Amino acid sequence: MDTIFYNGIIRTMDKAYPQASAIAIKNGVVLRLGSDEEILALKEAHTRLINLEGKLILPGFSDTHLHLLFYATFKRRIDLVNTTTYSESVQLCQAVVAQARANHRWIVGCNFNQDNWTDTNKIPDRHDLDAIAEDVPICLQRACGHIVCLNTKALQLAGLWDERADTTKQTMDFGPDGLPNGYVRENTAMCVQSCWERYTVSEIKDLLEDACREAASKGIVQVHSDDFNLIADDDLEGVLQAYRELNEEGRLPIRVNEQIRFRRLEQLQRFLDMGYRANDTIGRFKFGPIKFLCDGSLGSHSAAMRKPYLNDPGTKGLLLFQDEELYELAKLAYTNGFHLVAHCIGDAALEQMLNTIDRVSREFPHADRRNGIIHCQIMDERQQDRFKEMNLVAYVQPVFLKADSKVVDDCVGPELGRQSYNWRRYEELGVHMCGGSDCPVEPMDVLPNLYYAVTRRDSRNGAEWYPENGVTLDEAVEMFTKEAAYASYDEARYGTLTVGKFADLVVLDHDIYTQPLEELFDTRVMMTMVEGEVVYER
């Protein structure tokens, strides 16, 4: 026996054997569960004994929606997440102007949210950023990642300054003078990064390893991430090489289920021509579903709605694909064995993707295609019913209540707001529902996510928002363990602590089931284990 944990509270999330006080692990697999007396009897000379002293063991957590490599690059930027005024953001940028000018570098800030500023709620345009510096390119990215703000110099270097509203094919905005106003959205915003952010394979490896080790420190044993063509428009081979070498060097501490996101048909075809197929693995790296980004975000009013925003009647947001364009991509994925997931925040984007999945599923039926919708935010009950009818997986981010509960009703009205983010109804419908953080939009920290899922509060002891739509603590934990494994076709390998499955687990400093829910914010991860290997120990 390699490892025995005893004198603890082990909640397996397996209804056939829900709780034990001790667990035995051999060759990376759960060998036995039972009482201390039963399991300690299996001790051998080399066995590591760990006295839990009443601590809690759960199956290792999974974060089913984040951007791992993208998050890692944020550590090289100015983090504006905690700014409470635009003036504070300006000061942070001004502090690095001289250095950026001397080194011929861009000033890049990330994670601002104008809804948190007390001096203005306006997203800064190019005139605002020109006031910080005219001769240094400046790019500020909103927390949602769906809109960036550029000054004039940055627009020029990105090749966007000469674009005009009546001829442009870019997703960008223009001012009353007909010139670009500095707001660049969606696909064009992603391409802008290639102007200033290039990384070697060695740098990508370091970035990924650091981010994975941070995830492990949060009890996370698996992430679902999209890493291709995100920090640059042509980085596929470099990212794949980085993952391959990390595995060969034993430097990938957790599993990565890659959500393969491409914007264009030729990009997806190029990937397929390289010979990769669904569920292929490279050590702890796995090729998961093909992912589509169908619309923008609520905070930037770029989420695609069926009706105009109540607080911005001039827009319904932005669909990023034409119907046939999306269908052709989905068909190519389906006919090559991949299932589909899609970012859909607005109800128009959701309707488009539901119809696309329904169409390709009828044309190319498959016995077990675990298609899913990421975010599952603005929708009515009829759209939610279609999840059950089409056997879709709901990928939700409970932590979004922090920000979204303050703006949803203003954007779409309370009647539609009440039907949106309705996790209780998913449970009642029997829909598979898994949880994520959308890091770097929010921290990849599962424990606070559990709090938001159950309490429906916007902060610790904060205001409730449609509390009847919350879930139980057990259901919330399942979202980040058992249901996450189902979403990646891995429920037979991990997700519960079951004899014969991998020993993927997290040790918490106390039993979260017997403490007030507010204590989730103070709960500490003491150890994380993947396949019996300790990948984090406090």
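The values are calculated or read from the model by the stated rules, or taken from the named source; none is laboratory data. Computed from a predicted structure; not experimentally measured. Using ideal geometry, Cβ is built from the backbone for each residue, glycine included, and neighbour counts are taken over all protein chains shown. Quick note on the areas: whole protein, heavy atoms, side chains included, nothing else; ligands and nucleic acids left out. Shrake-Rupley method; radii C 1.70, N 1.55, O 1.52, S 1.80 Å.
What does the highest-first list of 35-42, 52-59 look like by mean Cβ count within 10 Å?
Listed from highest to lowest mean packing, they are 52-59, 35-42.
Tell me the Rg and the Dmax, in Å, that the Cα atoms of the range 339-390 produce.
10.6, 29
In square angstrom, what is the accessible area per residue of the range 62-122 with a 1.4 angstrom probe?
48 Å²
In nm, to one decimal, how far is the L49 label point from the E427 one, both placed 7 Å along Cα→Cβ?
It works out to 4.0 nm between the two label points.
Calculate how steeply helix 323-334 sits against the longest principal axis of the alpha-carbon atoms of the chain, using the helix alpha-carbon long axis, and give the answer as 0 to 90 degrees to the nearest 10.
Tilt of helix 323-334: around 30 degrees.
Antiparallel DSSP bridges in the range 90-182: what percent, to the nearest 5?
Numbers: 4 of 9 bridges.
Counting only bridges with both partners in the range 90-182, antiparallel ones make up about 45 percent.
Along each of the three principal axes of the Cα atoms of the range 268-365, give the extent in whole Å, ordering the values from largest to smallest.
48, 31, 19
Calculate, for H104 and E249, the FRET efficiency according to 1/(1 + (r/R0)^6) with r their C-beta to C-beta distance and R0 30 Å; round to the nearest 0.05.
Result of the calculation: an efficiency of 0.35.
Viscosity 0.890 mPa s, temperature 25 °C: what is the translational diffusion coefficient of the range 434-514 from Stokes-Einstein with a Kirkwood Rh over Cα pairs, rounded to a whole number of µm²/s? All intermediate terms of the calculation are to be shown ahead of the outcome.
Numbers: Rh = 14.0 Å.
The calculation lands on 175 µm²/s.
What does DSSP give for the chain in terms of the percent of beta bridges that are antiparallel, rounded to the nearest 5? Provide the component values of the computation, followed by the final result.
Details: 35 of 75 bridges.
Counting DSSP beta bridges with both partners in the chain, the antiparallel share is about 45 percent.
Which whole-number percent of Cα pairs in the range 1-135 have a distance greater than 26 Å? Kindly include the intermediate steps, with their values, before the conclusion.
On the way: 4879 of 9045 pairs.
Distances greater than 26 Å cover 54 percent of the Cα pairs.
Per DSSP helix of 4 or more residues, -39500 (n - 2.57); summed, then divided by the residues of the chain. What does that give at 222 nm, rounded to the nearest 500?
-8500 deg cm²/dmol
May I ask you to list the trypsin sites (Lys or Arg not before Pro) in the range 168-217 that are in a DSSP loop and have at most 10 other Cβ atoms within 10 Å of their Cβ?
K169
What is the sum of charges around Y17, taking Lys and Arg as +1, Asp and Glu as -1, for the other residues whose C-beta is under 11 Å from the C-beta of Y17?
Neighbourhood net charge equals +2.
At 7 Å along Cα-to-Cβ for each site, give me the label-to-label distance between D206 and D115 in nm.
3.6 nm
Could you pull out the pairs from K15/K406; K15/K291; K15/K402; K218/K286; K205/K286; K331/K388 whose alpha carbons sit more than 28 Å apart here?
Flagged as over cut-off: K15/K406; K15/K291; K15/K402.
Starting from the Cα of E381, move 7 Å in the Cα-to-Cβ direction to define the label point; list residues of the range 422-448 whose amide nitrogen is under 20 Å from there.
Residues 422-432 qualify, since their backbone N sits under 20 Å from the label point.
Using mean Cβ contacts within 10 Å as the protection proxy, how do 522-534, 357-369 order, highest first?
522-534, 357-369
Over the chain, with every protein chain in place, what whole percent of the accessible area is carbon and sulfur at 1.4 Å, could you tell me?
On the chain, the fraction of accessible area on carbon and sulfur atoms equals 47 percent.
What distance in nm separates the two pseudo spin-label positions at E518 and V534, each 7 Å out from Cα along the beta-carbon direction?
Rounded to a tenth, the inter-label distance reads 3.4 nm.
Give me the net charge for the shell around N151: Cβ to Cβ below 15 angstrom, other residues only, Lys and Arg +1, Asp and Glu -1.
Local net charge: -2.
List the aspartates and glutamates whose Cα lies under 17 Å from the Cα of K153, skipping any in the same chain that are fewer than 8 positions away.
Once the sequence-local aspartates and glutamates are set aside, what remains near K153 is D125, D128, D130, E134, D135, D162, E163, D173, E197.
Determine, at each q value in 0.13, 0.15, 0.18 (inverse angstroms), the log₁₀ of I(q)/I(0) that the Debye formula gives when each Cα of the range 79-234 is one equal point scatterer.
Normalising to I(0) and taking log10 leaves -0.67, -0.88, -1.18.
Using a 1.4 angstrom probe, figure out how much accessible area the range 290-332 has per residue, in square angstrom, rounded to the nearest whole.
The answer is 42 Å² per residue.
Excluding T171 itself, what net charge comes from residues whose Cβ is under 10 Å from its Cβ, given Lys and Arg +1 and Asp and Glu -1?
Surrounding charge for T171 is 0.
Taking the mean number of other Cβ atoms within 10 Å as a proxy for protection, how do you rank 21-33, 123-135 from highest to lowest?
21-33, 123-135
Hey, what's the Kirkwood Rh for the chain if you take every pair of different alpha carbons, in angstrom?
24.1 Å
Could you calculate the contour length gain from V407 to S35, that is, 0.36 nm times the residue separation minus the distance between their Cα atoms, to one decimal place in nm? Intermediate results must be reported in sequence, preceding the final value.
On the way: separation 372, 0.36 × 372 = 133.92 nm, distance 4.96 nm.
Extra length from V407 to S35 when fully extended: 129.0 nm.
If eta is 1.306 mPa s and T is 10 °C, what Stokes-Einstein diffusion coefficient results for the range 101-177, Kirkwood Rh from Cα pairs, in µm²/s?
The calculation lands on 118 µm²/s.
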